[in-house]
Every structure is written in C-alpha cells, then in structure tokens.
1. Condition test on residue 67, is it in contact with a helix residue (DSSP H, G or I) (Cβ under 6 Å, 6 or more places away or on another chain) and either assigned to a loop (DSSP other than H, G, I, E, B) or over 16 Å from residue 157 (Cα atoms) (or both)?
2. With the requirement that a residue be farther than 25 Å from residue 103 by Cβ, modelled with pLDDT under 75 and in a loop (DSSP other than H, G, I, E, B), what does segment 127-170 give you?
3. Take residue 38 and tell me if it is surrounded by fewer than 18 Cβ atoms within 10 Å (Cβ to Cβ) and either modelled with pLDDT under 95 or over 13 Å from the mean Cα position of the chain (by Cα) (or both).
4. If you check residue 175 against the conditions, is it modelled with pLDDT of 85 or more, assigned to a helix (DSSP H, G or I) and in contact with a helix residue (DSSP H, G or I) (Cβ under 6 Å, 6 or more places away or on another chain)?
5. May I ask you to verify whether residue 15 is more than 20 Å from residue 162 (Cα to Cα) and part of a helix (DSSP H, G or I)?
6. Within segment 64-96, work out how many residues are within 12 Å of residue 49 (Cβ to Cβ) and surrounded by fewer than 12 Cβ atoms within 10 Å (Cβ to Cβ).
C-alpha cells in the first residue's frame, strides 16, 4: 500500500469524508509524518507536515526557534499555521507533538477527524535515541524520564482524539491501513467522536 487496488478501494471512503481533514497527533517520534504520507496517497489527499510549514515560514529550524524565542513563541506560530491549514480541505496533517496542549487548537482539530498514533514507550525511546536534533524538549540529558514526563502531561490531551491507534511492531503502511479501516466506524457513528475509538496493534 498504496497501490491502484487500494486507491480504488479507498475512493468511497474519500467521498464519505467529504473533504474533511485528517489530523495525526501523538508524541514526537510516533510516526505521524511517515504514516501520514501513505495514508494521504491511499485517499488521494494532500499531505502537510506542520513543523515543516513552520520552518519554511520562519526560516529557522524548530530547535533554533525554541533556543532563540522559546516555546511560547513557537506555540503561537504553530497555532496560526494550524488555523491556516484548517481553512483548507482534503489533507492529512502531521501535527507537532505539543499542538494538543493549547485548548484553542482543538476547535480546529475537531473540524476534521483526529487520529492519535500511540506507540509503546519502548518503541518511542528506540526511535528518539537516534534522532533528537529537532526535538528540543528532549534535550535534557535524561531521555527516558523526560519522555515519560511529557507523555504523562499530554496523555489526557491526546485522549481527546476520535481514533486511537496502538502501534507496536507494524510498519507505517500497516498503521495507515489500520486508520483507513477505523475511519468508516467513526463516520457511521458520529457519537463516537466524543471519545477515542481504539484500534489495537
């Protein structure tokens, strides 16, 4: 996936979505970008990575923004970028890990379908050990404890998602397929949007 067979199968789902954006949330390292690309391709959607948009807009890396202006300034820009993206349609959007911490962002996120990618703590650690360059909140010298602390603070926010995907050993394409299989249930039962429908690994 994706191939022409899967794309044809996803066409009715795309029509049912009616242009609604899909917002991928989750901890840094949860695979939002790598999962979002095949998911968008399968649906015939566009793909947007919020962090990449911010970096192009500001002309600095995320790490530089945190170091020079601080997290508060970064979150303000992040919210503005999300608001602009929310005016578009038919997108799969990979969001930053902390975008869920500002209540005002949820007004935009819930205009679409929010999907929480939730890997195991061990999988996150493995991924993040090899890539912390653009993850300034993790540069504390104690990755495991910092990650646990961030997860504890954000879990209640992530739980506001419409769909929760528990990620274990699946490839990103397999995770994208699980999302495609979960979306119809949400569309059939709008009341499920009041809490996350969990898709097991």
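The values are calculated or read from the model by the stated rules, or taken from the named source; none is laboratory data. These numbers come from a predicted model, not from an experiment. As a convention, Cβ positions derive from the backbone with ideal geometry for all residues, glycine included, and neighbour counts pool all protein chains shown.
1. no
2. Matches in segment 127-170: 130, 131, 132, 133, 134, 139, 140, 141, 142.
3. No.
4. Spelling it out, residue 175 is indeed modelled with pLDDT of 85 or more, assigned to a helix (DSSP H, G or I) and in contact with a helix residue (DSSP H, G or I) (Cβ under 6 Å, 6 or more places away or on another chain).
5. On the way: more than 20 Å from residue 162 (Cα to Cα): no; part of a helix (DSSP H, G or I): yes.
So residue 15 fails the test.
6. 0
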